[in-house]
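Below is one structure, written out as structure tokens; the observations come after it.
The values are calculated or read from the model by the stated rules, or taken from the named source; none is laboratory data. All values reported here derive from a predicted model rather than from experimental measurement. Here the Cβ is made from the backbone with ideal geometry for all residues, glycine too, and neighbour counts use every protein chain on show.
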Amino acid sequence: MEVIYILWLRQIKRYLRSKARIIGSLGQPLLFMLAFGFGFGPIYQKAGEGNYIQFLIPGVICMSILFTAVFNGLEIIWDRQFGFLKEMLVAPVSRLRIMFGRCLGGATVAVLQGLIVLALSFMIGFRVTNAWMLLPAIVFMFLVAFLFTLFGTAIASMMKDVQGFQLIVNFLIMPIFFLSGAFFPMDGLPKGIEIIVKGNPLAYGVDALRGSLVGLNHFSLWHDFTVLGLVALVLLIAASYLFSKIEA
């Protein structure tokens, strides 16, 4: 447990020390909130769907968590290149604990990033409909963060260069994000798109967060929780196996 705690704390300290990283990672969420929120807001309202800011913000929070969580895998490649990973792997500690500690820290950092985006969203008019649902919302944020940190770790465990990791991740996470229902309701979609969206684990994270914060959910919260939990379990097994085979 001590190793897990040390690696978890190391990830958080590294994040908090890098103010440029914190500020820089807020640029894209702010752009989406302002451009899409106020740009598409009137169209969404004319369609009779209500306040688009309320609908959009949970999706933008999930976007911030997604990018931060997946790109946490880059640190594995950097640690491999600078020799730190080799030092960890030769230590008399199971690789499962090392991976779990790193993923736990990466997920915590992603949640912190999501909470910052949530705080900023209040400045543009977003409001939580039920303050008591903030705690379940944070639980769902952590579940999404942990799931995609495992996803990034699994990919990084098979890569040896930063450029290759970035290319593959960008190729994967953009469709994951845009086909998650972050920008559009999941009701009345064409059958092909509906199948893709329902097969996208992020869609359940967006739906759960939207249901927790503003009460607009397509599935039940228990359904979202079950799907996210099962996908996280599968990715935990896959990431554990791939990390156990990694060579420093």
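At-a-glance table
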| read-out | value |
| --- | --- |
| Residue within the range 180-192 that is more than 20 Å from residue 37 (Cα to Cα), in contact (Cβ under 8 Å) with a residue 40 or more places away in the chain and under 19 Å from the mean Cα position of the chain (by Cα) present | no |
| Within the range 202-230, tally of residues that are surrounded by fewer than 21 Cβ atoms within 10 Å (Cβ to Cβ) and more than 21 Å from residue 134 (Cβ to Cβ) | 3 |
| Condition met for residue 238 (buried (at least 20 other Cβ atoms within 10 Å of the Cβ) and among the hydrophobic types (A, V, I, L, M, F, W, C)) | no |
| Positions within the range 69-80 being small (Gly, Ala, Ser) and at pLDDT 85 or above, in sequence order | 69 |
| Residue count, the range 14-32 (criterion: part of a helix (DSSP H, G or I), at pLDDT 75 or above and surrounded by 12 or more Cβ atoms within 10 Å (Cβ to Cβ)) | 4 |
| Per-region count, the range 210-248, residues touching a residue at least 40 places away in the same chain (Cβ under 8 Å) and closer than 28 Å to residue 157 by Cβ | 17 |
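Residue-wise test of (1) part of a helix (DSSP H, G or I); (2) buried (at least 20 other Cβ atoms within 10 Å of the Cβ); (3) modelled with pLDDT of 80 or more.
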| residue | (1), (2), (3) |
| --- | --- |
| 34 | yes, no, yes |
| 49 | no, no, no |
| 57 | yes, yes, yes |
| 62 | yes, yes, yes |
| 67 | yes, yes, yes |
| 93 | no, no, no |
